[in-house]
Amino acid sequence: MERRDFIKTTGLLGSAYALTGPSALANAHVTAANGAEKFWLDGPMRWAQLAFVERDPGHYDPDFWLNYFKRIHADGALLSAGGIVAFYPTQIPLHHRSDFMGNSDTLGYLVEGCKKLGMKIMLRTDPHAVRQNVYDAHPDWIAVTADGQKRRHWANPDLWVTCALGPYNFDFMSQVNQEIMERFQPEGIFSNRWHGHDICYCEHCQRNFKAASGLALPQKADKLDATYRKWADWKMKRLREVWATWDAGIRKQKPTARFIPNGFPDKVMTGREADLFFADQQARRGLTPPWANGKGAKELRSTLGMKPLIGIFSIGIEEEFRWKDSVQSDAEIRIWAAQGTANGMRPCFVKFGGDIYDKRWMEAVANLYEKYYKNEKYLRNTAPMARVGIMYSEQTDRNYGGKPWQQKSGDHLDGMYHTLVENRIPFDMVNDRLLTPDDLKRFKVLILPNIAALSDAQCQQIQTYVENGGSIVATFETSLYDEEGRQRPDFGLANLFGVSFDKNVDGPMRNSYLQLRTDAKNSQTQVILNGLDDTPRIINSIYKVNVKPTAATFPSPVTLIPTYPDLPMEDVYPRIAETDTRELYLQQVGKGRVAYIPGDMDRSFWQMLSIDHGQLLSNVVRWALDEEPITEVQGPGVIDVNVWRQDKSMTVHLVNLTNPMMMKGPFRELIPVEATVVVQVPKGAKVTDVKLLMSEQKPKFEVKGGKVTVSVPKILDHEIVALDLA
C-alpha cells in the first residue's frame, strides 16, 4: 500500500504512521498500566453522551449538564470533540473549529467539570464529512460515486463525504486524535460514522483495491458477486488497519486509553480486539420490535464475553426523517433502556445538542439511573446463566441468498428470537465462528435458525457438541451450503438430522397444513404437542425443503397435508387427507437430542405470528432442553426473561413488553402485569434474602426443593428479582 502515496498526498504525520495488527495491540495491552486500565474499563456503569452541535458554544449552559450528570450518578461521559467540528481550540490546519466558540474552550470546560465529578471521559470524533476548504485543499480525500462524481453529503449539501479508507482517516484523523489525547488525556476516543458509506471510487480506493486484488472496483453492491465479495473483504481489512492505526496512536499518548469504533462490521473481530465496546443501538423505528436492543446486546456479548458493553440509547426520535430535537415518550425510553440493561449492557443516554428544547425525557432517565446506581452491585454481572443458545451467522448473511425462498433470511432468526421471548425461555446468542467446546459448554441446547452457510469444520464442531451431550434444533436449509455459499449435494449435518436433501425446495405453499398426531402413551409426543392437543392440524410454513429420511426415528407427531385449492370456495377441501411425510425429525444422538424442521417455520412465524407456530417451536426447544429450566415465569403478558450471576447474588430480569404498541412504537403507556417466578438455586448456594430492586419491595418468597418461588405483584416496565446468596 502505499504509505508513500499517503505521505505525498497529505504531508501529515509522515513518520508517525505504524500499521499495528492484533499482535501489536496485544503487546500494548500487556505493557499498559494494568491496574489503572482495569479500573477504568470495568468501572463506569452509567454513561451520559452529549453530542454537541456547532451552535452550542455560547448558547448552552454547561453547568446545567454537569448538575444533571451529578444528579443521575453518571460515572462516564461521552462528549463530542472533533472531526467535522472541533469544540476546542484546535491547532490543526483544516480542522474546522466551531464558528460560535470565540476564544472559549467548550469541550475543555465540560471535561474539567466531569473529571471533578469523578467521571471517566470518552471523547467522540466524526470523520465522515468535511467543508469546502478541505475539498479545495485535498479533493482526493473526498468519496467518489460510481459515475465518477465527488459525493456531496446527503443531508447537508454544504458538506462533502470523505473516503474512510484513504489518507483522510489514516493521516488527518490520526493527527486529530493525537491532539485530542495530548490536550485532554481522556480514557479513549469513540469514532462515529468512521467506516464509510457504500463503495468509494476515489483514486486511492481504485489503486489500493487493484493492488490488493488485481481487480477493478465492483460497479454495484451485490453480495453474491465475486468481485463485490473481494471488495467487502478488502474493506474489512482496511478498516481494521484504520482501527489499529488509531488505537496505537491513542495508546502511545496514554497506555490505558482505547480507540472504540462505532459499528465495526465483524463481531468476532470486535470481540477479540475491543476491551470494551459502545453499542450504538439508539431506538426503535418502523416495525422494530422492542426486544431488538436486547438482541443486539446478545450478539455482541457472544463475542465480547463479559467485557464491558455500553448501550447507547437515544431520547430522541429515530424514524427515517430524524427529528433530533424532539423526544420519545417516557414509556418508550424506559422499555428500550430496560432491554439493554436486562441483557448485560451498561446504559448511556445520548442527547443531540446541548441547548434543550424539550426536557420531558429527563425525569425518566434520572429515575432509571438513580435506581441503577442504588442497585449497582446487582448489575455487575459475572456470568449469564441461560442454557439455550441461538446461533447467528454473519457468514450466512454475507454469502447466502438469491433464490426466491432465500429472501428475508433474517426473519428466521427474528422468528425464533420472538418465540423464546414470548415463551419466557432465557437464552443467549452464539456466533457461528465461535463453536469450540469451551464456547458451547454452558449451553444444553443450540438453535440453528436456517444457518445455511457452514464450513466442514463448523459442522464437525456442532457434531462434537452433540456427541458431548448437547442438543440442537435446526430449520430449513441449515448446513446445505459451505462457508462461501456454495451448495452441497447434501446437508453438512445430514448425519445429525437423520435426513438427506431431496433435490428441491417447495413453496410458496398455499393452503397447506401440518397434521398433529397425538399419542397419550408417548411422553415425548406429549411435550411436542403441548398446548396443541385439542386440534388435529395447524397451518404449514410457507416454504419447505424436501428431504428423505436416512435414520430410524420414532414416529413423527407432525406430518404434511399437501397444498389444495383455496378458491373457488366450493373447491376448498384436501385432495390428500394426510401423508406420512414428516415435517419434524427427532433423534436421540448419544446424550444429545436433535430436532430438524424442514420448513421455514421460524421465518413463517415472524411473518404471520401464528400462535400455533410459536407454540410448536417452543415445545421443540423444551423437548431438546430435556431438563428443568433455570427459571419459570407464570402469569399474563409478554415478558422477556434474562438470568445473571453476580459475585454474591443472582438476578432474574423481567422486562414487561405487554403493550398494544409492541410491534409498532412508540409505547404510549406502561401496562402492569403480575408474575410468579420460580428460580433454581445454584448448587452449593443458600438464599439469604430476596428483593425486587426496581419497585424497592420485599416480596413473599418460599425456598423448597432447591428452588425459590417469588411473588411479583407488579411489573411495570422492568423488574429485577435479586437473590442474595451465601
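At-a-glance table
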| quantity | calculated |
| --- | --- |
| For 390, 528, order by how many other beta-carbon atoms lie within 10 Å, fewest first | 528, 390 |
| Which of 321, 184 has the fewest Cβ neighbours within 10 Å, and the rest in rising order | 321, 184 |
| Note, ³J(HN,Hα) from phi for the range 223-230, Karplus 6.51, -1.76, 1.60, rounded to Hz, x at Gly and Pro | 5, 8, 7, 4, 5, 4, 4, 5 |
| Trypsin sites (Lys or Arg not before Pro) within the range 463-513: DSSP coil, no more than 13 neighbouring Cβ in 10 Å | 486, 510 |
| Mean-position separation - Cα centroids, the range 681-703 and the range 572-595, in angstrom | 43 Å |
| Nearest-0.05 FRET efficiency for residue 522 and residue 572, computed from C-beta distance (R0 35 Å) | 0.60 |
| Pairwise centroid distance, computed over Cα atoms, of the range 612-658 with the range 231-269, Å | 37 Å |
| Net charge, residue 331 excluded, C-beta distance under 9 Å - Lys, Arg +1, Asp, Glu -1 | -2 |
| In Hz, Karplus ³J(HN,Hα) per residue of the range 384-389 (6.51, -1.76, 1.60; θ = phi - 60°; x = Gly, Pro) | x, 10, 5, 9, 10, x |
| Ellipticity estimate at 222 nm from DSSP helix runs (n ≥ 4, -39,500 (n - 2.57)) divided over the chain, nearest 500 | -9000 deg cm²/dmol |
| Assigned charges on the beta-carbon of Lys, Arg, Asp, Glu; the range 631-725 dipole about Cα centre (debye) | 240 debye |
| Residues with amide H under 5 Å from that of residue 48, placed H, sequence gap 5 or more | 76, 77, 78 |
| For residue 313, residues with placed amide H under 5 Å, excluding near neighbours | 348, 349, 350 |
| Too-long pairs where the Cα-Cα distance tops 30 Å, listed order kept, from 150/664; 267/664; 120/700; 235/298 | 150/664; 120/700 |
| Phi to ³J(HN,Hα) by Karplus 6.51 cos²θ - 1.76 cosθ + 1.60 over the range 531-547, Hz, x for Gly, Pro | x, 10, 7, 9, 9, x, 7, 9, 5, 7, 6, 8, 10, 8, 7, 7, 9 |
| Low-density loop positions, trypsin sites (Lys or Arg not before Pro), the range 36-95 - DSSP coil, at most 15 other Cβ in 10 Å | 55 |
| Three-way shape call for the range 631-725 based on the alpha-carbon gyration tensor, with the a/c threshold at 1.5 | prolate |
| Shape call, the range 387-625: gyration tensor on alpha carbons, a/c limit 1.5 | prolate |
| Global geometry of the range 563-670, whether rounded, prolate or oblate, following the gyration tensor of its Cα atoms and the 1.5 cut on a/c | oblate |
| Relative contact order [Cα under 8 Å, 6+ residues apart], the range 631-725, whole percent | 35 percent |
| Residue order, fewest to most beta carbons within 10 Å, for 499, 350 | 350, 499 |
| Whole-angstrom gap from the range 288-357 to the range 381-411, using each part's C-alpha centre | 22 Å |
| Total formal charge among the other residues, if their Cβ is under 14 angstrom from that of residue 592, Lys/Arg +1 and Asp/Glu -1 | +2 |
| Normalised contact order of the chain, rounded percent, pairs of Cα under 8 Å and 6 or more residues apart | 11 percent |
| Loop sites in the range 492-596: GluC sites (Glu not before Pro), DSSP, at most 15 other Cβ within 10 Å | 578 |
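Each reported figure results from applying straightforward, stated rules to the coordinates on display, with no laboratory input. Quantities reported herein were computed from a predicted structural model and do not represent experimental measurements. We place every Cβ from the backbone using ideal geometry, glycine too, and count neighbours over all the protein chains shown.
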